[in-house]
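Structure first, commentary second.
The values are calculated or read from the model by the stated rules, or taken from the named source; none is laboratory data. No experiment lies behind these values; they were computed from the predicted model shown. Counting neighbours? That spans all protein chains shown, and the Cβs are built from the backbone with ideal geometry, glycine included. We work out accessible area using only protein heavy atoms, side chains counted, and drop any ligands, DNA or RNA first. Shrake-Rupley method; radii C 1.70, N 1.55, O 1.52, S 1.80 Å.
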Amino acid sequence: MNDTLPTSDTLRAALAGLLDGLPPRQAAQAVDRLIANYRGTTPTGTPLLRDRSDVAAYAAYRMPATFEAVRSALHALREAAPDWVPATHTDVGGGTGSASWAVAGAWEGPRTTVLDWAEPALALGRELAAAAGVPALDAVEWRRARIGEDLALDPADLVTVSYVLNELTPQARTALVDAAGRAAQAVVIVEPGTPDGYARVIEARDRLTAAGFTVAAPCPHSDACPIEPGTDWCHFSARVSRSSLHRKVKGGSLPYEDEKFSYVAATRFAVDPVGARITRRPQIRKGQVLLELCTRDEGLQRATVTKRHGELYRAARDIDWGDAWPPPEAG
(Lines give C-alpha, C1' and ligand atoms only; values in the text may rest on other atoms or scores of the structure.)
Protein backbone atom coordinates (compact mmCIF):
# COMPACT_ATOMS: atom_id res chain seq x y z
CA MET A 1 0.00 0.00 0.00
CA ASN A 2 1.41 3.44 -0.91
CA ASP A 3 0.77 6.96 0.26
CA THR A 4 -1.62 7.71 -2.62
CA LEU A 5 -4.22 5.23 -1.31
CA PRO A 6 -6.89 6.20 1.23
CA THR A 7 -6.39 5.35 4.90
CA SER A 8 -8.38 5.85 8.08
CA ASP A 9 -6.36 9.03 8.74
CA THR A 10 -7.23 10.35 5.27
CA LEU A 11 -10.89 9.66 5.92
CA ARG A 12 -10.89 11.38 9.32
CA ALA A 13 -9.18 14.42 7.82
CA ALA A 14 -11.72 14.66 4.99
CA LEU A 15 -14.62 14.31 7.45
CA ALA A 16 -13.21 16.96 9.77
CA GLY A 17 -12.77 19.42 6.92
CA LEU A 18 -16.27 19.01 5.48
CA LEU A 19 -18.20 18.69 8.73
CA ASP A 20 -16.56 21.45 10.70
CA GLY A 21 -19.34 23.55 12.20
CA LEU A 22 -21.90 20.73 12.33
CA PRO A 23 -24.49 21.88 14.95
CA PRO A 24 -23.98 19.48 17.89
CA ARG A 25 -27.64 19.38 18.99
CA GLN A 26 -28.97 18.72 15.52
CA ALA A 27 -26.27 16.13 14.94
CA ALA A 28 -27.01 14.38 18.24
CA GLN A 29 -30.72 14.13 17.39
CA ALA A 30 -29.94 12.68 13.98
CA VAL A 31 -27.46 10.23 15.52
CA ASP A 32 -30.07 9.02 18.04
CA ARG A 33 -32.45 8.23 15.18
CA LEU A 34 -29.72 6.59 13.13
CA ILE A 35 -28.72 4.38 16.09
CA ALA A 36 -32.31 3.12 16.30
CA ASN A 37 -32.26 2.45 12.55
CA TYR A 38 -28.89 0.70 12.77
CA ARG A 39 -30.23 -1.62 15.48
CA GLY A 40 -33.06 -2.72 13.25
CA THR A 41 -36.06 -0.89 14.72
CA THR A 42 -36.80 1.18 11.64
CA PRO A 43 -39.49 0.54 9.00
CA THR A 44 -37.86 -0.95 5.92
CA GLY A 45 -38.27 0.17 2.34
CA THR A 46 -37.31 3.83 2.78
CA PRO A 47 -33.92 5.57 2.80
CA LEU A 48 -32.45 6.12 6.25
CA LEU A 49 -30.59 9.27 5.23
CA ARG A 50 -33.19 11.90 4.37
CA ASP A 51 -31.34 15.22 4.26
CA ARG A 52 -27.97 16.92 4.66
CA SER A 53 -28.09 16.90 8.48
CA ASP A 54 -28.83 13.16 8.54
CA VAL A 55 -26.00 12.50 6.11
CA ALA A 56 -23.51 14.66 8.01
CA ALA A 57 -24.39 12.96 11.29
CA TYR A 58 -24.15 9.55 9.67
CA ALA A 59 -20.77 10.32 8.12
CA ALA A 60 -19.30 11.43 11.44
CA TYR A 61 -20.94 8.64 13.45
CA ARG A 62 -20.76 5.61 11.16
CA MET A 63 -18.37 6.15 8.27
CA PRO A 64 -15.07 5.43 10.12
CA ALA A 65 -16.51 2.25 11.65
CA THR A 66 -17.96 1.01 8.37
CA PHE A 67 -14.64 1.70 6.65
CA GLU A 68 -12.73 -0.40 9.20
CA ALA A 69 -15.22 -3.28 9.10
CA VAL A 70 -15.19 -3.47 5.31
CA ARG A 71 -11.42 -3.10 5.24
CA SER A 72 -11.14 -6.11 7.57
CA ALA A 73 -13.41 -8.19 5.33
CA LEU A 74 -11.45 -7.20 2.22
CA HIS A 75 -8.18 -8.09 3.96
CA ALA A 76 -9.51 -11.60 4.58
CA LEU A 77 -10.58 -11.88 0.93
CA ARG A 78 -7.12 -10.78 -0.20
CA GLU A 79 -5.51 -13.39 2.03
CA ALA A 80 -7.64 -16.10 0.38
CA ALA A 81 -7.02 -14.76 -3.16
CA PRO A 82 -3.71 -12.85 -3.08
CA ASP A 83 -3.30 -12.75 -6.87
CA TRP A 84 -6.80 -11.51 -7.68
CA VAL A 85 -7.26 -7.80 -8.43
CA PRO A 86 -10.72 -6.46 -9.33
CA ALA A 87 -10.93 -4.05 -12.25
CA THR A 88 -14.52 -2.98 -11.53
CA HIS A 89 -16.43 -2.54 -8.28
CA THR A 90 -20.07 -1.78 -7.49
CA ASP A 91 -20.85 -0.49 -3.99
CA VAL A 92 -24.57 -1.22 -3.48
CA GLY A 93 -26.26 1.09 -0.99
CA GLY A 94 -22.88 2.73 -0.58
CA GLY A 95 -24.17 6.06 0.76
CA THR A 96 -21.23 8.34 1.45
CA GLY A 97 -18.75 5.74 0.17
CA SER A 98 -17.19 3.98 3.17
CA ALA A 99 -16.79 0.68 1.30
CA SER A 100 -15.46 2.48 -1.75
CA TRP A 101 -12.73 4.05 0.39
CA ALA A 102 -11.87 0.58 1.71
CA VAL A 103 -11.73 -0.94 -1.78
CA ALA A 104 -9.54 1.92 -3.05
CA GLY A 105 -7.18 1.22 -0.14
CA ALA A 106 -7.06 -2.52 -0.81
CA TRP A 107 -6.29 -2.52 -4.55
CA GLU A 108 -4.96 0.04 -6.96
CA GLY A 109 -7.12 0.82 -9.96
CA PRO A 110 -10.66 -0.58 -9.51
CA ARG A 111 -13.31 1.55 -11.21
CA THR A 112 -16.01 2.04 -8.62
CA THR A 113 -19.70 2.85 -9.00
CA VAL A 114 -21.63 3.78 -5.85
CA LEU A 115 -25.37 3.09 -5.96
CA ASP A 116 -27.67 4.62 -3.36
CA TRP A 117 -31.23 5.89 -3.21
CA ALA A 118 -30.39 8.93 -1.03
CA GLU A 119 -29.11 11.81 -3.17
CA PRO A 120 -27.87 13.76 -0.09
CA ALA A 121 -25.63 10.82 0.79
CA LEU A 122 -24.23 10.63 -2.73
CA ALA A 123 -23.61 14.39 -2.73
CA LEU A 124 -21.63 14.27 0.50
CA GLY A 125 -19.78 11.20 -0.75
CA ARG A 126 -18.66 13.15 -3.81
CA GLU A 127 -17.49 16.02 -1.60
CA LEU A 128 -15.54 13.72 0.71
CA ALA A 129 -13.87 11.96 -2.21
CA ALA A 130 -12.90 15.31 -3.73
CA ALA A 131 -11.60 16.60 -0.39
CA ALA A 132 -9.43 13.53 0.15
CA GLY A 133 -6.98 14.42 -2.59
CA VAL A 134 -6.58 10.71 -3.35
CA PRO A 135 -6.38 9.77 -7.04
CA ALA A 136 -8.06 6.40 -6.42
CA LEU A 137 -11.27 8.18 -5.39
CA ASP A 138 -11.36 10.74 -8.19
CA ALA A 139 -12.94 8.42 -10.74
CA VAL A 140 -15.72 7.05 -8.52
CA GLU A 141 -19.14 7.32 -10.16
CA TRP A 142 -21.97 8.26 -7.79
CA ARG A 143 -25.31 7.06 -9.15
CA ARG A 144 -28.79 7.30 -7.68
CA ALA A 145 -30.70 3.99 -7.71
CA ARG A 146 -33.50 2.49 -5.71
CA ILE A 147 -32.08 -0.41 -3.67
CA GLY A 148 -34.96 -2.86 -3.80
CA GLU A 149 -36.45 -5.87 -5.52
CA ASP A 150 -36.14 -4.37 -9.01
CA LEU A 151 -32.47 -3.36 -8.78
CA ALA A 152 -30.48 -4.41 -11.85
CA LEU A 153 -26.70 -4.58 -11.48
CA ASP A 154 -24.21 -4.30 -14.29
CA PRO A 155 -21.48 -6.97 -14.37
CA ALA A 156 -18.60 -6.14 -11.99
CA ASP A 157 -15.62 -8.01 -10.64
CA LEU A 158 -16.50 -7.07 -7.06
CA VAL A 159 -19.82 -6.14 -5.46
CA THR A 160 -19.90 -4.87 -1.87
CA VAL A 161 -23.07 -4.64 0.21
CA SER A 162 -22.25 -3.12 3.60
CA TYR A 163 -24.79 -2.35 6.33
CA VAL A 164 -27.62 -2.39 3.80
CA LEU A 165 -29.56 -5.64 4.23
CA ASN A 166 -31.04 -4.51 7.55
CA GLU A 167 -32.75 -1.62 5.71
CA LEU A 168 -34.60 -3.92 3.31
CA THR A 169 -37.68 -6.10 3.37
CA PRO A 170 -36.98 -9.87 3.30
CA GLN A 171 -38.01 -10.02 -0.36
CA ALA A 172 -35.72 -7.14 -1.29
CA ARG A 173 -32.83 -8.72 0.63
CA THR A 174 -33.00 -11.97 -1.27
CA ALA A 175 -33.44 -10.13 -4.57
CA LEU A 176 -30.38 -7.99 -3.89
CA VAL A 177 -28.18 -10.94 -2.93
CA ASP A 178 -29.30 -12.84 -6.02
CA ALA A 179 -28.61 -9.80 -8.21
CA ALA A 180 -25.14 -9.42 -6.71
CA GLY A 181 -24.47 -13.10 -7.35
CA ARG A 182 -25.49 -12.79 -10.99
CA ALA A 183 -23.38 -9.66 -11.54
CA ALA A 184 -20.14 -10.31 -9.66
CA GLN A 185 -17.10 -12.52 -9.55
CA ALA A 186 -16.74 -11.73 -5.84
CA VAL A 187 -19.35 -10.54 -3.34
CA VAL A 188 -18.57 -9.08 0.08
CA ILE A 189 -21.48 -8.55 2.48
CA VAL A 190 -21.03 -6.84 5.84
CA GLU A 191 -23.70 -6.44 8.54
CA PRO A 192 -23.74 -5.38 12.20
CA GLY A 193 -22.19 -7.94 14.55
CA THR A 194 -25.50 -8.76 16.21
CA PRO A 195 -27.51 -12.00 16.15
CA ASP A 196 -29.85 -10.46 13.56
CA GLY A 197 -26.94 -9.17 11.47
CA TYR A 198 -25.31 -12.60 11.55
CA ALA A 199 -28.61 -14.22 10.51
CA ARG A 200 -28.81 -11.93 7.47
CA VAL A 201 -25.21 -12.77 6.54
CA ILE A 202 -25.87 -16.51 6.85
CA GLU A 203 -28.98 -16.19 4.69
CA ALA A 204 -26.91 -14.37 2.05
CA ARG A 205 -24.08 -16.90 2.38
CA ASP A 206 -26.49 -19.78 1.77
CA ARG A 207 -27.92 -18.11 -1.32
CA LEU A 208 -24.46 -17.41 -2.74
CA THR A 209 -23.17 -20.95 -2.20
CA ALA A 210 -26.37 -22.34 -3.71
CA ALA A 211 -25.62 -20.18 -6.77
CA GLY A 212 -22.17 -21.74 -7.11
CA PHE A 213 -19.99 -19.39 -5.08
CA THR A 214 -17.13 -20.51 -2.85
CA VAL A 215 -16.75 -18.93 0.57
CA ALA A 216 -13.38 -17.21 0.78
CA ALA A 217 -13.79 -15.77 4.30
CA PRO A 218 -14.30 -15.77 7.17
CA CYS A 219 -15.25 -19.45 7.04
CA PRO A 220 -12.59 -22.10 6.34
CA HIS A 221 -15.14 -23.97 4.18
CA SER A 222 -18.30 -23.52 2.13
CA ASP A 223 -20.37 -26.06 4.06
CA ALA A 224 -23.17 -25.09 6.42
CA CYS A 225 -22.18 -22.92 9.38
CA PRO A 226 -21.49 -25.21 12.38
CA ILE A 227 -23.13 -22.79 14.84
CA GLU A 228 -26.47 -24.16 16.00
CA PRO A 229 -29.12 -21.51 15.23
CA GLY A 230 -30.10 -19.50 18.25
CA THR A 231 -27.14 -20.57 20.40
CA ASP A 232 -24.47 -18.13 19.23
CA TRP A 233 -23.48 -15.94 16.32
CA CYS A 234 -20.29 -15.40 14.34
CA HIS A 235 -18.92 -11.86 14.44
CA PHE A 236 -15.64 -10.01 14.57
CA SER A 237 -14.23 -6.72 15.82
CA ALA A 238 -12.33 -3.83 14.25
CA ARG A 239 -10.65 -1.09 16.31
CA VAL A 240 -11.77 2.39 15.21
CA SER A 241 -9.85 5.51 16.15
CA ARG A 242 -12.26 8.26 17.17
CA SER A 243 -11.55 11.83 16.17
CA SER A 244 -12.70 14.76 18.30
CA LEU A 245 -15.53 15.25 15.78
CA HIS A 246 -16.59 11.62 16.18
CA ARG A 247 -16.54 11.89 19.99
CA LYS A 248 -18.57 15.11 19.84
CA VAL A 249 -21.25 13.64 17.60
CA LYS A 250 -21.50 10.25 19.27
CA GLY A 251 -20.60 11.14 22.85
CA GLY A 252 -17.96 9.55 25.09
CA SER A 253 -14.35 10.32 25.74
CA LEU A 254 -12.36 7.24 24.71
CA PRO A 255 -10.04 7.75 21.72
CA TYR A 256 -11.27 4.52 20.12
CA GLU A 257 -14.18 2.11 19.88
CA ASP A 258 -14.53 -1.48 18.73
CA GLU A 259 -16.86 -2.04 15.80
CA LYS A 260 -18.53 -5.47 15.89
CA PHE A 261 -19.52 -6.86 12.49
CA SER A 262 -20.46 -10.06 10.65
CA TYR A 263 -19.48 -10.68 7.06
CA VAL A 264 -19.06 -13.10 4.21
CA ALA A 265 -16.77 -12.90 1.19
CA ALA A 266 -17.62 -15.34 -1.60
CA THR A 267 -16.20 -15.84 -5.08
CA ARG A 268 -16.77 -17.56 -8.41
CA PHE A 269 -13.04 -18.23 -8.76
CA ALA A 270 -10.66 -20.51 -6.87
CA VAL A 271 -9.56 -19.35 -3.43
CA ASP A 272 -7.47 -20.78 -0.60
CA PRO A 273 -9.41 -20.25 2.65
CA VAL A 274 -7.67 -20.45 5.99
CA GLY A 275 -7.48 -23.82 7.73
CA ALA A 276 -9.07 -22.33 10.85
CA ARG A 277 -10.13 -18.88 12.00
CA ILE A 278 -10.23 -17.41 15.51
CA THR A 279 -13.86 -16.60 16.29
CA ARG A 280 -13.49 -14.89 19.68
CA ARG A 281 -10.95 -12.67 21.36
CA PRO A 282 -8.08 -14.94 22.55
CA GLN A 283 -7.91 -15.40 26.32
CA ILE A 284 -4.37 -15.02 27.60
CA ARG A 285 -3.68 -16.84 30.88
CA LYS A 286 -0.49 -17.53 32.77
CA GLY A 287 1.51 -19.82 30.54
CA GLN A 288 -1.34 -20.50 28.11
CA VAL A 289 -3.62 -18.97 25.49
CA LEU A 290 -7.21 -20.18 24.97
CA LEU A 291 -8.51 -20.03 21.41
CA GLU A 292 -12.02 -20.43 20.00
CA LEU A 293 -11.74 -21.70 16.42
CA CYS A 294 -13.87 -22.49 13.40
CA THR A 295 -12.00 -25.21 11.51
CA ARG A 296 -12.20 -26.58 8.00
CA ASP A 297 -12.78 -30.24 8.90
CA GLU A 298 -13.79 -30.41 12.57
CA GLY A 299 -16.27 -27.57 13.02
CA LEU A 300 -16.04 -25.44 16.14
CA GLN A 301 -13.06 -26.25 18.33
CA ARG A 302 -11.38 -24.95 21.47
CA ALA A 303 -7.60 -25.01 21.57
CA THR A 304 -5.21 -24.43 24.45
CA VAL A 305 -1.72 -23.33 23.45
CA THR A 306 0.88 -23.53 26.20
CA LYS A 307 4.53 -22.64 26.63
CA ARG A 308 5.57 -26.13 25.67
CA HIS A 309 4.32 -25.38 22.15
CA GLY A 310 7.27 -22.99 21.76
CA GLU A 311 6.97 -20.85 18.63
CA LEU A 312 3.25 -21.58 18.36
CA TYR A 313 2.72 -20.25 21.89
CA ARG A 314 4.56 -17.04 21.06
CA ALA A 315 2.40 -16.65 17.96
CA ALA A 316 -0.76 -17.27 20.01
CA ARG A 317 0.10 -14.43 22.38
CA ASP A 318 0.17 -12.04 19.41
CA ILE A 319 -2.82 -13.44 17.53
CA ASP A 320 -6.04 -11.46 17.22
CA TRP A 321 -9.75 -12.13 16.87
CA GLY A 322 -10.54 -12.92 13.24
CA ASP A 323 -7.02 -14.02 12.31
CA ALA A 324 -6.10 -17.30 10.64
CA TRP A 325 -4.79 -20.10 12.85
CA PRO A 326 -2.07 -21.08 12.86
CA PRO A 327 -0.49 -17.97 11.34
CA PRO A 328 1.54 -18.78 8.20
CA GLU A 329 4.82 -17.82 9.85
CA ALA A 330 4.19 -20.30 12.68
CA GLY A 331 3.43 -23.11 10.31
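Taking the range 65-99 as the range and being farther than 16 Å from residue 238 by Cα, of a type in the set (A, V, I, L, M) and assigned to a helix (DSSP H, G or I) as the test, only 80 passes.
For the range 41-55, the count of residues that are touching a Pro at 6+ places or on another chain (Cβ under 8 Å), in a helix (DSSP H, G or I), under 24 Å from residue 173 (Cα atoms) and modelled with pLDDT of 65 or more is nonzero. A count restricted to the range 94-152 and to residues that are touching a Ser or Thr at 6+ places or on another chain (Cβ under 6 Å) and among the acidic types (Asp, Glu) stands at 1.
When the range 188-214 is filtered for residues that are open to solvent by less than 30 Å² (accessible area, probe 1.4 Å) and without any contact (Cβ under 8 Å) to a residue 60 or more places away in the chain, the ones remaining, listed by number, are 208, 213. Selection of the range 274-300 for residues being among the aliphatic types (A, V, I, L, M) and open to solvent by 70 Å² or more (accessible area, probe 1.4 Å) yields 284, 300. Restricting attention to the range 301-318 and to residues that are in contact with a strand residue (DSSP E or B) (Cβ under 6 Å, 6 or more places away or on another chain) and open to solvent by less than 30 Å² (accessible area, probe 1.4 Å), the residue that is farthest from residue 72 (Cα to Cα) turns out to be 306.
Within the set 85, 70, the sole residue that is open to solvent by 20 Å² or more (accessible area, probe 1.4 Å) and hydrophobic (A, V, I, L, M, F, W, C) turns out to be 85. Against the criterion of being closer than 21 Å to residue 259 by Cα, open to solvent by 60 Å² or more (accessible area, probe 1.4 Å) and either modelled with pLDDT of 65 or more or not charged (D, E, K, R) (or both), residue 78 qualifies.
Just one residue in the set 136, 131, 102, 121 is part of a helix (DSSP H, G or I), modelled with pLDDT under 90 and either within 20 Å of residue 72 (Cα to Cα) or of a type outside the set (Gly, Ala, Ser) (or both); that residue is 136. For the range 227-270, residues that are open to solvent by less than 60 Å² (accessible area, probe 1.4 Å), more than 19 Å from residue 16 (Cβ to Cβ) and either of a type in the set (S, T, N, Q) or modelled with pLDDT under 95 (or both) total 6.
For residue 212, work out the one condition from (1) assigned to a strand (DSSP E or B); (2) out of contact with any Lys or Arg (no Cβ under 6 Å at 6 or more places or on another chain) it doesn't fulfil. So the condition that residue 212 fails would be (1).
Within the range 123-130, is there a residue that is open to solvent by 70 Å² or more (accessible area, probe 1.4 Å), farther than 19 Å from residue 233 by Cα and touching a Gly at 6+ places or on another chain (Cβ under 9 Å)? So far as the range 123-130 goes, yes, one or more of its residues are open to solvent by 70 Å² or more (accessible area, probe 1.4 Å), farther than 19 Å from residue 233 by Cα and touching a Gly at 6+ places or on another chain (Cβ under 9 Å). Of all the numbered requirements in (1) under 23 Å from residue 261 (Cβ atoms); (2) surrounded by fewer than 22 Cβ atoms within 10 Å (Cβ to Cβ), residue 145 misses one, and that requirement is (1).
Just a yes or no: is a residue in the range 148-160 under 15 Å from residue 91 (Cα atoms), hydrophobic (A, V, I, L, M, F, W, C), in a strand (DSSP E or B) and within 18 Å of the chain's Cα centre (by Cα)? Checked the range 148-160: at least one residue is under 15 Å from residue 91 (Cα atoms), hydrophobic (A, V, I, L, M, F, W, C), in a strand (DSSP E or B) and within 18 Å of the chain's Cα centre (by Cα).
Considering only residues of the range 161-187 that are in a strand (DSSP E or B) and over 16 Å from residue 259 (Cβ atoms), which is most open to solvent (accessible area, probe 1.4 Å)? Step by step, filter the range 161-187, then rank; the result is 185.
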